[in-house]
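The values are calculated or read from the model by the stated rules, or taken from the named source; none is laboratory data. As the structure is a prediction and not an experimental result, all values here were calculated from the model. Cβ atoms come from the backbone with ideal geometry, glycine included; neighbour counts cover every protein chain shown.
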Amino acid sequence: MPPQYFIPPENIKNGFFLAEPSESHHISSVARNKKGNEIEIFDGAGNKYSAVIEDIKRNRVSGRIAGRIPFEKPGTRVILCFAVVSRKSMEFIFEHCTELGVSAFQPVLTERTQFKTDNWNARAEHLNRIIISACKQCGNPLLPELSAPRAFADLFDEFMPIFVAHCRGAVLKPARNLKSLKVFIGPEGGFSADELKLAEAKGAVFFSLGRHVLRSETACIAATALLTNLLEETG
């Protein structure tokens, strides 16, 4: 797969594109592209294009759109609701779950959450850069959304299927015609008894990720891979 470059939607107009300075630097200085080279770009909204470079400078690359590259958006929107973890683990989750097809990330504050979410705006900016990099790596032109942390009890206000990873859950079976769903991954030590009761009262489906106890970041990846594969099988 050829390298892909992220161009914000507002920078793709009337058949032309203009790269931001950081991406221009990558196109020109890192990848050493030249005028006339054909590249692939995406806008984060699910659109992917082939494009031809017409003007190239270190911090300013522009050109024309040569054509649209087909991309089929996923049929189900998967929202990963995971207990806030350490910075390093958070980066791991965002990188690999983006590659696996998560549609949105929702950090969750639970009774057993051990990590603070101070200065969230600055952290979110860093995490969004990781999301963009992961999309470039895997060829996904649809950037997952990132929401600010919310309390566990506040995440059941929307009517959509809820799946909770739990050691005593059942083996997950394929489900059809789901437009969106939320999958919950707990913190170290798992969700509290009260949180599990609330999820059960809201009709959550408890499912197993196997016989072993997984770290939160590993569980996020395992659950995402399991769900996205099941959803692809059912269409």
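Values computed for the structure shown
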| quantity | calculated |
| --- | --- |
| Boolean, Thr228 is polar (S, T, N, Q), farther than 30 Å from Asp118 by Cβ and either crowded, with 16+ Cβ neighbours inside 10 Å or touching a helix residue (DSSP H, G or I) at 6+ places or on another chain (Cβ under 6 Å) (or both) | yes |
| Exclusive hit being in contact (Cβ under 8 Å) with a residue 24 or more places away in the chain and surrounded by fewer than 13 Cβ atoms within 10 Å (Cβ to Cβ), set Arg58, Arg77, Arg32 | Arg58 |
| Any hit, the range 2-14, residues being surrounded by 15 or more Cβ atoms within 10 Å (Cβ to Cβ) and of a type in the set (D, E, K, R) | no |
| Some residue of the range 157-177 being over 15 Å from Phe206 (Cβ atoms), modelled with pLDDT of 90 or more and among the small types (Gly, Ala, Ser) | no |
| Strands (runs of 3 or more DSSP E) lying entirely in the range 122-235 (those with 1 or more residues that are not hydrophobic (A, V, I, L, M, F, W, C)) | 162-170, 180-185 |
| Hey, Lys116 of a type outside the set (A, V, I, L, M, F, W, C) and within 28 Å of Lys202 (Cβ to Cβ) or not | yes |
| Any hit, the range 178-193, residues being closer than 18 Å to Ser103 by Cα, modelled with pLDDT under 95, in contact with a helix residue (DSSP H, G or I) (Cβ under 7 Å, 6 or more places away or on another chain) and surrounded by fewer than 12 Cβ atoms within 10 Å (Cβ to Cβ) | no |
| Entirely in the range 11-77, the strands (runs of 3 or more DSSP E) that have 2 or more residues that are over 30 Å from Gln106 (Cα atoms) and not aliphatic (A, V, I, L, M) | 16-18, 48-57, 60-69 |
| The range 109-165 - residue that is among the acidic types (Asp, Glu) and either touching a residue at least 40 places away in the same chain (Cβ under 8 Å) or within 27 Å of Ser192 (Cα to Cα) (or both) and, of those, surrounded by the most Cβ atoms within 10 Å (Cβ to Cβ) | Glu111 |
| Whichever residue in the range 1-10 is part of a strand (DSSP E or B) and in contact with a Cys (Cβ under 9 Å, 6 or more places away or on another chain) and, among such residues, is modelled with the lowest pLDDT | Gln4 |
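Yes/no matrix, rows are residues, columns are (1) within 23 Å of the chain's Cα centre (by Cα); (2) of a type outside the set (Lys, Arg):
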{"position": "Ala165", "(1), (2)": "yes, yes"}
{"position": "Arg168", "(1), (2)": "no, no"}
{"position": "Leu172", "(1), (2)": "yes, yes"}
{"position": "Leu181", "(1), (2)": "yes, yes"}
{"position": "Gly186", "(1), (2)": "yes, yes"}
{"position": "Leu196", "(1), (2)": "no, yes"}
{"position": "Ala201", "(1), (2)": "no, yes"}
{"position": "Ala225", "(1), (2)": "yes, yes"}
{"position": "Leu230", "(1), (2)": "yes, yes"}
